[in-house]
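Below is one structure; the comments refer to it alone.
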Amino acid sequence: MIRINLNIAIVDMTSAKSKGQSILFCGNSTSNMDVVEEHNVVKQKEFEWNNHERAMVLGSFYWLHWALQLPGGLLARNFGAKRVFGFSNLFMFIMSIVMPFLTRWDIKGLIMARALQGFIGGMAWPSVHHLTAHWVPPNKRSKFITAYLGSSIGVAVTFPFCGYILENFSWPYVFYTTGTIGIVWFLAWWMLVYDTPAQHPYISQEELVHITSSLTNVVSSVKLPIPWKAVLTCVPFWIALSIQWSTGWALHTLMTQTPTYLDLMFGWNPQKIGLWSGVPHLTRFMFSLCLSYIIDSLMSTGLYSRTCVRKISTNICTVVQAILIVALVYSGCDQLLVNGFLLLAMTASGASTSGPLSIMVDLSPNFASVLQGFSGITGVIPGMISPFVLSYFTNENNTIEAWQHFFALSGVVIAIPGLMYNFIGSSELQSWNSPAAVNDQELTVTNGNTTEKK
């Protein structure tokens with residue numbers, strides 16, 4: 001909610017322009033491909049920002065979002081994901097509440113607030129991988145990582161919810177409301193979440209033994225030295241990073257630009273834009289949930305390697321999604337096709353939980369938070385670059401052809417890493433997951449107690 005509330009609020013804050021004029025690609029028809037001037041203004045927009053300023057506002061969250069990705073994973077190893085994930089999110093919630101005051105002071109205040117949100121929030125995603133590695137048995141990993149797509153539920157709820165707020169109140173209430181909801185979430189997180197099964201006060205003995213015994217051979221109970229050389233020379237790791245770039249470009253482009261694109265195409269009111277921007281994220285979550293069950297079931301049969309089943313998911317969220325994104329923007333002014341391909345493209349990205357997001361934990365559960373730190377850096381950079389690339393194509397001359405060129409380029413960027421994974425990628429446990437320095441002293445956890453085995 002906090003990451004994308006501005007993406008829908010900006011529709012009511014300012015207008016996208018072409019040569020200084022508000023525009024509407026499709027007018028009132030479903031076939032007119034020309035850019036026409038918009039005459040029916042429903043609300044007076046509070047700010048007059050040009051396209052470059054809009055790009056700065058939308059991209060500023062990601063400018064420094066990469067900076068604490070790796071430190072976030074390292075901090076989770078030392079202080080636990082409960083603290084790192086919880087407090088980094090709490091900071092973003094507080095900043096959301098003060099954002100309207102900073103925006104009305106100066107656009108620089110808004111940009112600064114978003115950049116700080118992204119900077120501190122960068123610790124969140126890598127740290128949560130630390131929880132996954134210590135709580136989830138390998139053959140249930142895909143289903144659990146589907147919970148990461150709570151972010152999709154957030155988007156599915158936030159876009160239509162904020163569209164309703166914009167239609168009936170004003171844009172500052174988008175930030176007040178989502179920030180307040182976030183603070184309530186933090187209170188629940190702090191009371192209910194624990195870093196490891198052994199620390200949980202209410203876990204049953206049966207569940208504790210089940211979890212810890214399933215992780216004995218892959219997750220150490222003590223902090224291991226990070227094998228930096230082995231990590232940085234691991235080809236599967238670099239291929240996994242390229243896929244994170246691909247899926248990051250796809251997700252951030254659709255999540256950031258969809259409200260603006262629908263506004264330019266059809267001139268819908270914020271409530272309708274919010275609905276059609278949000279529904280695809282709900283189907284994304286549902287598809288992710290169904291596919292994760294299929295992937296885990298295939299692995300449970302023992303007939304398919306982990307790499308094989310990850311290829312299925314990875315191809316869906318890269319190659320298939322790239323085709324759908326290109327089809328979306330070349331559907332012209334046909335509302336049914338545009339929204340249909342948007343729905344399918346975002347749905348296909350749901351395969352990322354049983355594909356790219358699971359690969360880092362597959363390669364090395366012991367260092368999953370560290371790998372996810374690198375992955376997070378790679379995955380968020382497109383969120384910073386994409387608005388400026390779009391701004392380059394539109395260049396104060398917003399035409400449907402410019403958007404088509406941008407999305408065609410995006411399709412190539414998204415598809416290539418997925419194709420590469422088919423030939424040189426892997427999701428098998430790497431030998432450096434258990435450094436030689438600790439091979440002679442294996443530590444296991446049983447019933448919450450540490451036992452040393454010689």
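The values are calculated or read from the model by the stated rules, or taken from the named source; none is laboratory data. Remember, predicted model here, so these are calculated numbers, not experimental data. Here Cβ is always computed from backbone atoms with ideal geometry, including for glycine, and neighbour counts include all displayed protein chains. Keep in mind that these areas ignore ligands, DNA and RNA; they rest on the heavy atoms of the full protein, side chains included. Shrake-Rupley method; radii C 1.70, N 1.55, O 1.52, S 1.80 Å.
Some values worked out for this structure:
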| item | result |
| --- | --- |
| Rg(Cα)/(2.2 N^0.38 Å) for the chain, N = residue count | 1.00 |
| Rounded tilt (10° steps) of 81-105 against the dominant C-alpha axis of the chain | 20 degrees |
| Reciprocal mean inverse distance between Cα atoms of the range 223-265 - Kirkwood radius, Å | 13.0 Å |
| Heavy-atom accessible surface of the range 145-210: percent carbon and sulfur, 1.4 Å | 68 percent |
| From phi via Karplus (6.51, -1.76, 1.60), per-residue ³J(HN,Hα) for the range 378-388 in Hz, x at Gly/Pro | 5, x, 8, 4, x, x, 7, 7, 3, x, 6 |
| Inter-site label distance for residue 235 and residue 184 at 7 Å from Cα along Cβ, in nm | 5.2 nm |
| Among 56, 127, 92 the positive-end extreme of the charge dipole of the range 49-127 (Cβ point charges) | 127 |
| Accessible area of residue 164 in the full protein assembly, 1.4 Å probe (Å², nearest 10) | 110 Å² |
| Above-threshold pairs, the threshold being 27 Å between Cα atoms, out of 45/272; 82/311; 143/311; 82/140; 272/311; 143/272 | 82/311; 272/311; 143/272 |
| Relative packing of peptides 48-57, 305-314 - highest average C-beta neighbours within 10 Å first | 305-314, 48-57 |
| Folded to 0 to 90 degrees: helix 400-424 orientation relative to the chain principal axis, Cα | 10 degrees |
| Cβ-based charge dipole, the chain, positive-most Cα from 391, 419, 325 | 419 |
| Degrees, to the nearest 10: 107-121 long Cα axis against longest axis of the chain | 20 degrees |
| Dipole magnitude of the range 48-176 about its Cα centre (Cβ charges: Lys, Arg +1; Asp, Glu -1), debye to nearest 20 | 640 debye |
| Unpartnered cysteines - no second Cys beta carbon under 4.7 Å - across the chain | 162, 234, 290, 308, 317 |
| Fraction in percent of alpha-carbon pairs per bin - 10 Å, the range 193-311 | 10, 20, 29, 26, 13, 4 |
| Listed peptides 59-67, 82-90 by packing density, highest first (mean Cβ within 10 Å) | 59-67, 82-90 |
| At R0 = 60 Å, FRET efficiency that the Cβ-Cβ distance of residue 422 and residue 101 yields, to 0.05 | 0.75 |
| By average C-beta atoms within 10 angstrom, highest first, the peptides 347-356, 363-372, 284-293, 176-185 | 347-356, 363-372, 284-293, 176-185 |
